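Below: the structure, in structure tokens.
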Amino acid sequence: MTVYLSSLETAVPATVLIQHEARDVFAAQPGLTRLGSRLVATCFDSAAIETRYTAVRELNLDYRTPDPQFFDPATGLLLNPSTKVRNDIFATEATALFNDAARSALKACAGLGPEDITHLITVSCTGFFNPGPDYKIVRELDLKPSVQRFHLGFMGCYAAFPALRAAKLFCDADPDAVVLVVCAELCSLHVRTSNDPDTIMGSALFADGAAAAVVSARTFDDEPLMSLDQLETVLTPVGEESMAWNIGDHGFEMVLGNYVPHIIEEHITGALEPYFGSEGPLAGTAYRDVPNWAIHPGGRSILDKVQHRLELSGEQLVPAREVLRNYGNMSSSTVLFVIRHILEQPGGEGGQICSMAFGPGLTVETGLFTKVRSIAAC
């Protein structure tokens, strides 16, 4: 039985961050050492990002409020609210993003109604509240109260893949299952000024966004977008201390060691062994001969290492680099933006998509898909 992804939609907050403007704000903060100032300039300028989106309206330089909590435009100071303040905003703003993406995914699946959803999987690592986003989606979109709900929390940038894998397992077990998967991340809630290289890198890379997909073995009025052929996971033998996501008193704290791209480069072929090894469906196929590669753009250097190690063409990395340039790193939702970019391109039906994302552990999640049709232009 084949399980399909029938729709894939994305959503971002309204506030746009211009990378060079954000760099100038961070570079102007008091308390930066000379090394810190150099790191801000280097990290922001080399990130290969032009725009990002944020749910924190105060980070727009033109926004005014009598009681700023994140940024005071009168002084130019970045403020440092508590984790509670940040998480309270998450509860409100993430709910809106979860609902927007989920509603769009249902609307994009012709012939599907809210009453058809049997399972709901929500994903986020940037905040917590309960009743959570799964509950909010059921109420807002008028899903059946008997929908089976699951939330994958605090897994990091790779979490869209465990969500898709769980959705596929539900559909394999029940041919009538229709699973709604929704990822939403508000990474910008946790930015702050610092001389710490990991914190500076996080401030230069991370952003907010959401993506939602309908997964089912059933077909609806339109052809599905792609089949979910295989999903795998692997832990690299090193890197546990190089990438982490911790809760601090003033937001969540990113650990993103500068050796992460090298770890990925060294171990990426092992993670792809289930597909390209002697027992895999792509045995004997060169990496570059798979037409589509949906790589999570954890950063420019990660994409550079992946491209070099797998000997991929520049064109094969365009979807990942375009998403990075226009949206930044939105944690778990980002790889779904990359997959959508591929599905938006005309033609290529029947072509395979090899996808991967990386996160704490160091964890490498991979997926092999087949494109059925392109997303229709609006």
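The values are calculated or read from the model by the stated rules, or taken from the named source; none is laboratory data. Quick caveat: nothing in here was measured; it's all calculated off a predicted structure. Please note: Cβ atoms are built from the backbone with ideal geometry, for glycine as well, and neighbour counts cover all protein chains shown.
Against the numbered list (1) farther than 13 Å from Val215 by Cβ; (2) without any contact (Cβ under 8 Å) to a residue 24 or more places away in the chain, Leu169 comes up short only at (1). Checked against (1) at pLDDT 95 or above; (2) more than 24 Å from Glu185 (Cα to Cα); (3) not in a helix (DSSP H, G or I), Leu35 passes all but a single condition, namely (3).
Please list, ordered by residue number, the helices (runs of 4 or more DSSP H) wholly in region 195-309 having 1 or more residues that are farther than 26 Å from Gln19 by Cβ. Please lay out each step first, then the result.
Values: elements: 197-205, 260-271, 273-276.
In region 195-309, the matching helices (runs of 4 or more DSSP H) lie at 260-271, 273-276.
Within region 359-378, residues that are at positive phi and surrounded by fewer than 21 Cβ atoms within 10 Å (Cβ to Cβ) sit with their Cβ atoms under 9 Å from residues that are part of a strand (DSSP E or B) and not small (Gly, Ala, Ser), at 6+ positions apart or across chains, in these pairs: Gly361/Leu235; Gly361/Met243. Flag: Val178 matches the condition of being in contact with an Asp or Glu (Cβ under 6 Å, 6 or more places away or on another chain) and crowded, with 17+ Cβ neighbours inside 10 Å. Of all the numbered requirements in (1) farther than 30 Å from Leu303 by Cβ; (2) of a type outside the set (S, T, N, Q); (3) free of Cβ contacts under 8 Å to residues at least 40 places away in the same chain, Asp24 misses one, and that requirement is (1). For region 328-337, the criterion of being surrounded by fewer than 21 Cβ atoms within 10 Å (Cβ to Cβ) and in contact (Cβ under 8 Å) with a residue 12 or more places away in the chain is met by no residue. Taking region 126-155 as the range and being out of contact with any helix residue (DSSP H, G or I) (no Cβ under 6 Å at 6 or more places or on another chain), surrounded by 20 or more Cβ atoms within 10 Å (Cβ to Cβ) and of a type outside the set (A, V, I, L, M) as the test, only Asp134 passes. The set of residues from region 109-166 being closer than 30 Å to Asp249 by Cβ, in a loop (DSSP other than H, G, I, E, B) and among the polar types (S, T, N, Q) comprises Thr126, Asn130. Only one of the numbered conditions (1) of a type in the set (A, V, I, L, M); (2) assigned to a strand (DSSP E or B); (3) over 24 Å from Pro162 (Cα atoms) is violated by Ala376, and that is (2). Taken over region 168-194, the criterion of being touching a Leu at 6+ places or on another chain (Cβ under 8 Å) and either assigned to a helix (DSSP H, G or I) or small (Gly, Ala, Ser) (or both) is satisfied by Lys168, Ala184, Ser188. Taking Arg340 as the residue in question, decide whether it is in a helix (DSSP H, G or I) and under 18 Å from Glu365 (Cβ atoms). So Arg340 passes the test. In this structure, does Ala55 turn out to be modelled with pLDDT of 95 or more, of a type outside the set (Ser, Thr, Tyr), touching a Ser or Thr at 6+ places or on another chain (Cβ under 7 Å) and surrounded by 16 or more Cβ atoms within 10 Å (Cβ to Cβ)? Judged against the criteria, Ala55 is a match.
Here are some residues: Asp72, Asp88. Which one is among the acidic types (Asp, Glu) and modelled with pLDDT under 95? Let's see the steps before the verdict.
Details: Asp88 fails: modelled with pLDDT under 95.
Only one candidate qualifies: Asp72.
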